[in-house]
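K.L.:
Here it is, the structure, as structure tokens.
The values are calculated or read from the model by the stated rules, or taken from the named source; none is laboratory data. Being a predicted model, the structure only gives us computed values, none of them experimental. All Cβ positions, even for glycine, are placed from backbone atoms using ideal geometry, and neighbour counts span all protein chains on display. Side chains are part of the model used for accessible areas, which takes the heavy atoms of the whole protein and leaves out ligands, DNA and RNA. Shrake-Rupley method; radii C 1.70, N 1.55, O 1.52, S 1.80 Å.
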Amino acid sequence: MNTIQLDNQGRLKHFLGIEGLRRDLLLSILNVAKSFITVDAQVVKKVPLLRGKTIVNLFFEPSTRTRTTFELAAKRLSADVLNFNISTSSTSKGETLIDMLRNLEAMHCDTFVVRHEAAGAVHFIAQHVSPSIHIINAGDGWHEHPTQAMLDMYTILQCKGKFNHLKVAIVGDILHSRVARSDIHALSILGVSEIRVIAPKTLLPFGVEHLGVKVFNHLRTGLTDVDVVIMLRLQRERMQSALLPSAHEYFQYYGLTEEMLEVIDSSAIIMHPGPINRGVEIASEVADGSRSVILQQVTNGIAVRMAIMAMTLGVIGEG
Ligand code: CP
């Protein structure tokens, strides 16, 4: 994949996935993002770095956080932004994806931010667009959600100050989660001391232990002494059969409640990529509680996406 997403000098051209990326590149993204965090606090929340560039948001799947923070990130960099409405586009009249992209290329756009229900769709697009176009993966099927992973890493670093010595648990529907895959790759590249996945057997991918994670089927045991908890929702839209008895029963065994927080360190943080399903994977008191950094993740998403857009467009180096 890196032969597609890096140029021949090893710099980011596209941002398609975390797997296989260098540690120094991930750290550069986090450093550049840090330099953009203060833009939010300026009276005029803008820097002129992407003036004259055009970013197109192409979302073939629903999104709240990713689409809006990409739009805000592009606007804060002074780019022009097109939010392409797939449901009212000419793809509904039989136009192919590639023909649609060719037409957007003809409008001299610079970056396509793509979310697609099919794993690998963003790689296909990156291989077929003109060399002047940059592709950023905003989530492809079960495969990867690399900008979410980078904002998760940013939030962990912001709260914990370092990656080594950390024990991180990812809880829930690992099987269908592109966030879990990207987070596992990122945590592993950045060198945390332990990555745990906690889920019922039916929601774990076959051979997940080969990704370098410790597998737990029991929530209380898996959470003991962790520093970071990343909760995931049940991704029913990707389940082809009933993998669970009921949401109520799932909450009983895998829901993060205040009582369950007793086994984790008092300084541990609770994360969730959203959308959250209250009373299914997380209790409201935990989602809204003092250890939750769920909304901090959303805020950080703007600076992280600014960094990734600026770096793929080559207007900012790896520093
Ligand atoms: N975390 C995330 O991808 O949320 P959205 O689906 O709302 O973009």
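K.L.:
So for the chain, averaging the separation of alpha carbon pairs under 8 Å that are six or more residues apart and normalising by length, what relative contact order in percent results?
P.N.:
22 percent
K.L.:
In a GNM of the chain with a 10 Å cut-off on Cα contacts, which of 86, 136, 264 has the highest mean-square fluctuation?
P.N.:
86
K.L.:
With a probe of 1.4 Å, find how much accessible area the chain has per residue, and write the answer as a whole number in Å².
P.N.:
Accessible surface, normalised per residue, equals 43 Å².
K.L.:
I've got another one for you. Name the most mobile residue of 149, 303, 106, meaning the one with the largest mean-square fluctuation, in a Gaussian network model of the chain with Cα contacts below 10 Å.
P.N.:
Its mean-square fluctuation being the largest, the pick is 106.
K.L.:
Collect residues whose amide H, placed 1.01 Å from N in the peptide plane, falls under 5 Å from the amide H of residue 82; neighbours closer than 5 in sequence don't count.
P.N.:
Placed amide hydrogens put 55, 56, 57 under 5 Å from residue 82.
K.L.:
Something else about it: State the extension gain, in nm to one decimal, for the chain segment bounded by residue 127 and residue 236, taking 0.36 nm per residue of separation less the distance between their alpha-carbons.
P.N.:
Values: separation 109, 0.36 × 109 = 39.24 nm, distance 3.05 nm.
Stretched fully, the residue 127-residue 236 segment lengthens by 36.2 nm.
K.L.:
Once you wrap a convex hull around the alpha carbon atoms of the range 50-164, what is its projected area averaged over all directions, in nm²?
P.N.:
8.4 nm²
K.L.:
Among residues other than residue 87 whose Cβ falls under 14 Å from its Cβ, what is the net charge (Lys/Arg +1, Asp/Glu -1)?
P.N.:
0
K.L.:
I need the semi-axes of the equivalent ellipsoid of the chain: take the C-alpha gyration tensor, multiply each eigenvalue by 5, square-root it, list largest first in whole angstrom.
P.N.:
Rounded to whole Å, the semi-axes are 32, 22, 18.
K.L.:
Could I ask something else about it? So what are the ³J(HN,Hα) numbers for the range 7-18, from phi and the Karplus equation (6.51, -1.76, 1.60; θ = phi - 60°), rounded to whole Hz, Gly and Pro as x?
P.N.:
With the stated coefficients, the range 7-18 comes to 7, 6, 9, x, 8, 5, 10, 10, 10, 9, x, 7 Hz.
K.L.:
Okay, moving on. List the GluC sites (Glu not before Pro) in the range 220-299 that DSSP assigns to loop (not H, G, I, E or B) and whose Cβ has at most 12 other Cβ atoms within 10 Å. Which are they?
P.N.:
258, 259
K.L.:
Okay, next question. In the range 23-103, what percent of the accessible surface is made up of carbon and sulfur (1.4 Å probe, ligands and nucleic acids excluded)?
P.N.:
Roughly 53 percent, rounded to a whole number.
K.L.:
Identify the chymotrypsin sites (Phe, Trp or Tyr not before Pro) of the range 223-289 meeting these criteria: DSSP loop state and at most 16 other C-beta atoms within 10 Å of the C-beta.
P.N.:
When the chymotrypsin sites (Phe, Trp or Tyr not before Pro) of the range 223-289 are filtered for loop state and at most 16 Cβ neighbours within 10 Å, nothing remains.
K.L.:
Where the accessible area of the range 114-157 is counted over protein heavy atoms with a 1.4 Å probe, how much of it, in %, is carbon and sulfur?
P.N.:
Its accessible area is 64 percent carbon and sulfur atoms.
K.L.:
Then there is this: Please compute the Cα-Cα pair-distance distribution of the range 146-298 with 5 Å bins starting at 0, giving whole percents from short to long.
P.N.:
2, 10, 22, 25, 23, 14, 5, 1, 0
K.L.:
Residue 314: net charge of surrounding residues, Cβ under 12 Å, Lys/Arg +1, Asp/Glu -1, itself excluded? Intermediate results must be reported in sequence, preceding the final value.
P.N.:
On the way: positive: 11, 13, 53; negative: 7, 110, 318.
So the surrounding residues net to 0.
K.L.:
To continue, here is another question. Subtracting the Cα-Cα distance from 0.36 nm times the residue separation, let me have the gained length for residue 188 to residue 202 in nm, one decimal. The partial results should precede the final answer.
P.N.:
Details: separation 14, 0.36 × 14 = 5.04 nm, distance 2.38 nm.
Extra length available between residue 188 and residue 202 comes to 2.7 nm.
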